[in-house]
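Beneath this line is the structure, given in structure tokens, with notes to follow.
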Amino acid sequence: MLIPHERQLPPPNAGAMDTALRPAMPADTEAVGRMLARSYRALLADDYEPALLREALPLISVARPGLISCGTYYLIEQEDRVLAAGGWTDVSPHGAPGRAGVGHLRHLATDPLVARCGYGSRLLGQVIQSARAAGITDLRCQSTLTAVPFHAAHGFTVVGEIDVRLPTGVLFPAVQMRWLDDGD
């Protein structure tokens, strides 16, 4: 079913033929922000209270220009629509300098209209390949409760439950996860 005013998106398992996976650029900031807002609003609703989402979504759905332009943040697009985005940095999500060999998965999300169609897996594969090429053997992420099964299916293990303190002081429940390079 088409949503009014939305272009038809690729069917499940459409593959790489009609989409492009590429590094994000500063000009992508608004499109990535729109995708993050659509994704988080729709996909987090089953795991978080509405009141918490009302406070958190304006903060977590913002595309970070520094992240978008870091060279290790990628997106999958079809024409001019961002279907998925995400990347890694050697700086923690809180801005702390990284340690050698440790990276942080950052702002990985998929448009809800193509969730579970393989775009997130394709993107995460690129992110891991890029991190490995840079010598990262320990990739960490602060996963939403919703994304824990996705990350676990891709080799991330649960370290523990955490509360991420957002700039307004709101505590956002998450799960610290970790992927260790086993050389495969």
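The values are calculated or read from the model by the stated rules, or taken from the named source; none is laboratory data. Computed from a prediction, not measured in an experiment: that's the story for all the values here. Neighbour counts are summed over all protein chains in view; Cβ atoms, including those assigned to glycine, are modelled from backbone coordinates with ideal geometry.
Of all residues in segment 40-94, those satisfying the criterion of being buried (at least 16 other Cβ atoms within 10 Å of the Cβ), within 30 Å of THR137 (Cα to Cα) and of a type in the set (Gly, Ala, Ser) are SER61, ALA63, ALA84, ALA85, GLY86, GLY87, SER92.
Within the set SER121, SER130, the sole residue that is surrounded by fewer than 22 Cβ atoms within 10 Å (Cβ to Cβ) and either more than 12 Å from the chain's Cα centre (by Cα) or on the phi > 0 side of the Ramachandran plot (or both) turns out to be SER130. The single residue among SER39, SER69 that is touching a helix residue (DSSP H, G or I) at 6+ places or on another chain (Cβ under 8 Å), of a type in the set (S, T, N, Q) and more than 23 Å from GLY118 (Cα to Cα) turns out to be SER69.
Per-residue answers, yes or no, for (1) buried (at least 18 other Cβ atoms within 10 Å of the Cβ); (2) within 19 Å of TYR40 (Cα to Cα); (3) β-branched (Val, Ile, Thr):
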position	(1), (2), (3)
THR137	no, no, yes
CYS141	yes, yes, no
PHE150	yes, yes, no
VAL158	no, no, yes
ARG165	no, yes, no
GLY169	no, no, no
PHE172	yes, yes, no
GLY183	no, no, no
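Close contacts from segment 10-26, counting a first residue that is farther than 13 Å from ALA84 by Cα and a second that is modelled with pLDDT under 90 and of a type outside the set (A, V, I, L, M, F, W, C), with Cβ to Cβ under 8 Å and a gap of 6+ residues or different chains, come to ASP18/PRO10.
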